[in-house]
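Enquirer: Encoded as structure tokens, here's the structure I'll be asking about.
The values are calculated or read from the model by the stated rules, or taken from the named source; none is laboratory data. As the structure is a computational prediction, the values presented were derived from the model and not from experiment. Here the Cβ positions follow ideal geometry from the backbone for every residue, glycine too, while neighbour counts run over all protein chains shown.
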Amino acid sequence: MAADDVSKRKILAIVTNYGVEQDELLVPQEHLSGWGAEVAVAAVTMDEVRTLVGDKEPGKTVRPGLTLDEVDPAGYDLLLIPGGTLNADALRQQDAATRIVRSFASSGRPVAAICHGPWALVEAEVVAGKKLTSYPSLKTDIRNAGGEWTDEPVVTDDGRGWPLITSRNPGDLEPFLREVDAALTVDTR
């Protein structure tokens, strides 16, 4: 992919301030920034985001650029929802997070969610009729919400008017980012 394909793209990552899986936030952030994209991290508060490795070991901290309540979803080209069990469980309880997810889905812009990140999609009621993957423990939640769950490293579903990219865990970051790159080279505006 040429750098100019994404150099003007704006990506929004939504997280809580504790428990996001380190590599599911930082690897995409570094990858996309390396192509010249602007990656904004929105959290519940402006306090540092404490990441975890494997849901238990302390990871790096990240300074958010804005709060979830401050986000204007229309200003972004792609939504990134990293996992981490604690992060994803708390994120789906944030009204601002579900508002953001619904805005992306209703406007046809891509959403990329990994590991436990699809919980926010379930809570936002946007998975019905979509095929996706996730950490296996979300399988029943996704199916109960009308989604089709599958166990694959990455799943891209362009149906129902918006692209959805999902992966199971940090081990799937390479194919996940390949599909994110592809989504960003398509003009979604």
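Enquirer: In segment 3-53, how many residues are farther than 16 Å from ILE165 by Cβ and aliphatic (A, V, I, L, M)?
Expert: Here the count works out to 13.
Enquirer: I would also like to ask the following. Mind telling me which of the residues ASP72, ASP77, ASP89 ends up being under 29 Å from GLY161 (Cβ atoms), free of Cβ contacts under 8 Å to residues at least 24 places away in the same chain and surrounded by fewer than 22 Cβ atoms within 10 Å (Cβ to Cβ)?
Expert: Working: ASP77 fails: free of Cβ contacts under 8 Å to residues at least 24 places away in the same chain; ASP89 fails: free of Cβ contacts under 8 Å to residues at least 24 places away in the same chain.
It is ASP72.
Enquirer: Exactly one of these conditions fails for LEU164: (1) surrounded by 24 or more Cβ atoms within 10 Å (Cβ to Cβ); (2) of a type outside the set (Phe, Trp, Tyr); (3) within 21 Å of ALA90 (Cα to Cα). Give me its number.
Expert: Looking at each condition in turn, LEU164 falls short on (3).
Enquirer: Tell me whether segment 121-139 contains one or more residues that are surrounded by fewer than 15 Cβ atoms within 10 Å (Cβ to Cβ), within 20 Å of ASP55 (Cβ to Cβ) and over 11 Å from the mean Cα position of the chain (by Cα). Step through it out loud before you land on a result.
Expert: The initial filter retains those residues of segment 121-139 that are surrounded by fewer than 15 Cβ atoms within 10 Å (Cβ to Cβ), namely 125, 128-129, 136-137.
Still in the running and within 20 Å of ASP55 (Cβ to Cβ): 136-137.
Those left that are additionally over 11 Å from the mean Cα position of the chain (by Cα): 136-137.
So far as segment 121-139 goes, yes, one or more of its residues are surrounded by fewer than 15 Cβ atoms within 10 Å (Cβ to Cβ), within 20 Å of ASP55 (Cβ to Cβ) and over 11 Å from the mean Cα position of the chain (by Cα).
Enquirer: If you go through segment 92-115 one residue at a time, how many are under 19 Å from VAL180 (Cβ atoms), free of Cβ contacts under 8 Å to residues at least 60 places away in the same chain and in a loop (DSSP other than H, G, I, E, B)?
Expert: Result for segment 92-115: 0.
Enquirer: Only one of (1) farther than 24 Å from VAL101 by Cβ; (2) in contact with a helix residue (DSSP H, G or I) (Cβ under 7 Å, 6 or more places away or on another chain); (3) modelled with pLDDT of 95 or more is not met by PRO58, so which one is it?
Expert: Of the numbered conditions (1) farther than 24 Å from VAL101 by Cβ; (2) in contact with a helix residue (DSSP H, G or I) (Cβ under 7 Å, 6 or more places away or on another chain); (3) modelled with pLDDT of 95 or more, the odd one out for PRO58 is (2).
Enquirer: Test each condition in (1) over 14 Å from ALA13 (Cα atoms); (2) of a type outside the set (Val, Ile, Thr); (3) touching a Phe, Trp or Tyr at 6+ places or on another chain (Cβ under 9 Å) for ALA113 and report the one that comes out false.
Expert: Here ALA113 clears every test but (1).
Enquirer: Inspect segment 33-55 for any residue being of a type in the set (S, T, N, Q), under 19 Å from VAL111 (Cα atoms) and under 12 Å from the mean Cα position of the chain (by Cα) and give the result as yes or no.
Expert: The first filter runs over segment 33-55 and keeps only residues of a type in the set (S, T, N, Q), leaving 33, 45, 51.
Next, only the ones that are under 19 Å from VAL111 (Cα atoms) stay: 33.
Next, from what is left, pick out any that are under 12 Å from the mean Cα position of the chain (by Cα): none.
For segment 33-55, residues of a type in the set (S, T, N, Q), under 19 Å from VAL111 (Cα atoms) and under 12 Å from the mean Cα position of the chain (by Cα): absent.
Enquirer: While we're on this one: Of the residues that make up segment 64-74, is at least one among the acidic types (Asp, Glu) and in a loop (DSSP other than H, G, I, E, B)? Talk me through it step by step, then tell me what you get.
Expert: Here is the first cut: in segment 64-74, the residues among the acidic types (Asp, Glu) are 69-70, 72.
Now narrow it down to the ones that are in a loop (DSSP other than H, G, I, E, B): 72.
Within segment 64-74, one or more residues are among the acidic types (Asp, Glu) and in a loop (DSSP other than H, G, I, E, B).
Enquirer: Could you list, in sequence order, all residues of segment 13-59 that are in a strand (DSSP E or B), surrounded by 14 or more Cβ atoms within 10 Å (Cβ to Cβ) and not hydrophobic (A, V, I, L, M, F, W, C)? Don't jump to the end; show me each part of the working.
Expert: Within segment 13-59, the first condition is being in a strand (DSSP E or B), and the residues that meet it are 13-14, 18-21, 38-43, 49-53, 57-59.
Adding the requirement that they be surrounded by 14 or more Cβ atoms within 10 Å (Cβ to Cβ) leaves 13-14, 18-21, 38-43, 49-53, 59.
Correct list: TYR18, GLY19, GLU21, GLU38, ARG50, THR51, GLY59.
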